[in-house]
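The structure under discussion appears below in the form of structure tokens.
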Amino acid sequence: MSRLFGILILLVPSIFMAGCDGNFSMGGGGVFKIGQEVTPVKTKTLADVNGDMSKLTSYRYPDPRMYQLSFDKALKEDKPIVLEFATPGHCTQCDQQLQLLKVMLDKYGDKVNFLHMDQYYNPEAYDVFQVRGEPWTFLITKDGKVDYIAPGRVLYQEIDPAIQHLLAAGKKHG
């Protein structure tokens, strides 16, 4: 029995690590890697649904600022992007993640475009990014390259420095 336990102790971490590549983007997090240019995709905006938030998100307390731009248009804005894949209608972590993003939006909204993609209403974005499972957070440079990928819920002390890095990188590159 102790031999079997020892084997399991060695195998379990290997199994979990097998899903992780060198960039810490794990299975279900899409095809994009750090530094890779993203694919533009048209996504629904408030204007597309005549201002009806219930046609854009299953989030109970949505912030209209996250639904102003289609992802393809946001890529042309010369601003970095925080792209959140979250469907709070079936994901408690997603609800908490969107609450945090509203705080980040208040702090960085004049310098960064924040976009929320709900699987029910923008499945095209999920297909392009090949997102499976939720939430997933992507930070994208103003020149359209992935700068940060986070599976699962992100904490303030993780995302705040990542956004600061994103903004600093943008200043260095023009």
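The values are calculated or read from the model by the stated rules, or taken from the named source; none is laboratory data. Keep in mind it's a predicted model, so treat the numbers as computed, not measured. Note: ideal-geometry Cβ built from the backbone for every residue, glycine included; neighbour counts use all protein chains shown.
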Reported set for segment 122-146 where residues are of a type outside the set (A, V, I, L, M), buried (at least 19 other Cβ atoms within 10 Å of the Cβ) and closer than 21 Å to residue 40 by Cβ is 122, 126, 129, 136, 137, 138, 141, 142
Just to be sure before I move on: is residue 126 within 21 Å of residue 49 (Cβ to Cβ) and part of a loop (DSSP other than H, G, I, E, B) in the structure I sent? no
From the option list 51, 28, single residue qualifying as at pLDDT below 95 and either touching a Phe, Trp or Tyr at 6+ places or on another chain (Cβ under 8 Å) or surrounded by fewer than 15 Cβ atoms within 10 Å (Cβ to Cβ) (or both) is 28
Taking into account only those residues within segment 124-145 that are within 15 Å of residue 70 (Cα to Cα) and of a type in the set (Val, Ile, Thr), which is farthest from the chain's Cα centre (by Cα)? 128
Failed condition for residue 168, given (1) more than 10 Å from the chain's Cα centre (by Cα); (2) assigned to a loop (DSSP other than H, G, I, E, B); (3) aliphatic (A, V, I, L, M), with all others met? (2)
Of the conditions (1) surrounded by 20 or more Cβ atoms within 10 Å (Cβ to Cβ); (2) charged (D, E, K, R); (3) over 19 Å from residue 110 (Cα atoms), residue 84 fails just one. Which one is it? (3)
Segment 54-112, residues that are in a loop (DSSP other than H, G, I, E, B) and over 19 Å from residue 139 (Cβ atoms): 56, 57, 58, 59, 60, 61, 62, 87, 88, 89, 90, 91
